[in-house]
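The structure appears below as structure tokens.
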Amino acid sequence: MAKRTALLIIDVQYDFLEGGSLATNDANAVIPIINEIRNKVHFDDVVVSKDWHPKGHCSFASSHPGKALFEDITLPDGTPQKLWPDHCVQGSHGAEVHSDLKLEPTDFVVFKGQHAEIDSYSAFFDNAHKAKTTLQDHLQSKAITDVIVVGIALDYCVCFTAMDAKDLGYTTTVVEDACRGVAPESTAAAVENMKKKGINLIKAETLLG
Ligand code: VGL
Ligand code: ZN
């Protein structure tokens, strides 16, 4: 099968960037790196994911009176859930992709986390692995064999997306310096888990050099 590569740009939305409700440290630094990768490397397909929650989403601490921010709970269906500040509410400014990120009309936008009762860190499946997004059908329609994953957050949505991509049979690469994580410990653990799974972790210079 001919190698065909997609760039997956994960959740570069205002709420995860500096000043956002769930800002990750130094997050805006990924934007020029991702833009440079796009400018210098040819991709057969580019996908932009958006965390896209309804008001009152089950991942919001505000939806669980008596529970604390960042607490780990179990949802009624048994799925583990960390409780986040309200973020990426459908139609809000915080849910928009940063205007400095270079986008093209041909980019494929995938929405995730739209269902009130289940979260979706991965751009492929919800956290219970019950429902899929539009991403896998899209990549298959483009005969994609390889994915390169960048964006936010390395320890959550980037990691979950890369793990699912690998399970689905894609040759999977994460550009570590084109990502930022929520917390150092979970980021280090995510990197180890991805390496163990056979996901390639590289630096942007490997693509750009
Ligand atoms: C994310 C926490 C909650 C992410 C999304 O994009 O990594 N993290 N929702
Ligand atoms: Zn979210």
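The values are calculated or read from the model by the stated rules, or taken from the named source; none is laboratory data. In this text the structure is predicted, and so the values were computed from the model without any measurement. Don't worry about glycine lacking a Cβ; one is built from the backbone with ideal geometry, like all the others, and counts go over all protein chains shown. Each accessible area value is taken on the protein alone, full model and side chains, heavy atoms only, with ligands, DNA and RNA left out. Shrake-Rupley method; radii C 1.70, N 1.55, O 1.52, S 1.80 Å.
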The number of residues in region 50-78 that are closer than 30 Å to S99 by Cβ and part of a loop (DSSP other than H, G, I, E, B) is 9
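Could you go through region 57-66 and let me know if any residue there is open to solvent by 50 Å² or more (accessible area, probe 1.4 Å), within 16 Å of ligand 2 (Cβ to nearest atom) and either among the hydroxyl-bearing types (S, T, Y) or in contact with a Pro (Cβ under 6 Å, 6 or more places away or on another chain) (or both).
There is at least one residue in region 57-66 that is open to solvent by 50 Å² or more (accessible area, probe 1.4 Å), within 16 Å of ligand 2 (Cβ to nearest atom) and either among the hydroxyl-bearing types (S, T, Y) or in contact with a Pro (Cβ under 6 Å, 6 or more places away or on another chain) (or both).
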Subset of region 6-19, residues more than 11 Å from ligand 1 (Cβ to nearest atom), open to solvent by 10 Å² or more (accessible area, probe 1.4 Å) and in contact with a helix residue (DSSP H, G or I) (Cβ under 8 Å, 6 or more places away or on another chain), comes to Y14, E18
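Taking T24, is it more than 16 Å from ligand 2 (Cβ to nearest atom), of a type in the set (V, I, T) and more than 16 Å from G113 (Cα to Cα)?
Spelling it out, it is not the case that T24 is more than 16 Å from ligand 2 (Cβ to nearest atom), of a type in the set (V, I, T) and more than 16 Å from G113 (Cα to Cα).
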Residue pairs within 8 Å by beta carbon, gap of at least six or interchain, first lying in region 50-63 and touching a residue at least 12 places away in the same chain (Cβ under 8 Å), second aromatic (F, W, Y), listed first then second, are K50/F111; D51/F16; W52/F111; H53/F60; S59/W84; F60/W84; A61/F70; A61/W84
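The rows are residues; the columns are (1) at pLDDT 95 or above; (2) within 16 Å of ligand 2 (Cβ to nearest atom); (3) open to solvent by 40 Å² or more (accessible area, probe 1.4 Å); (4) not in a helix (DSSP H, G or I).
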position: V110; (1), (2), (3), (4): yes, yes, no, yes
position: A116; (1), (2), (3), (4): yes, yes, yes, yes
position: Q136; (1), (2), (3), (4): yes, no, no, no
position: Q140; (1), (2), (3), (4): yes, no, yes, no
position: I148; (1), (2), (3), (4): yes, no, no, yes
position: G151; (1), (2), (3), (4): yes, yes, no, yes
position: F160; (1), (2), (3), (4): yes, yes, yes, no
position: K166; (1), (2), (3), (4): yes, no, yes, no
position: V174; (1), (2), (3), (4): yes, no, no, yes
Scanning region 84-108 residue by residue, the ones that are assigned to a loop (DSSP other than H, G, I, E, B) and within 11 Å of ligand 2 (Cβ to nearest atom) total 4
Listed by first then second residue, the pairs whose first member lies in region 137-149 and is touching a residue at least 24 places away in the same chain (Cβ under 8 Å) and under 14 Å from L168 (Cα atoms), whose partner is open to solvent by less than 20 Å² (accessible area, probe 1.4 Å) and part of a helix (DSSP H, G or I), with beta carbons under 7 Å and at least 6 positions apart or on separate chains, are V147/A165
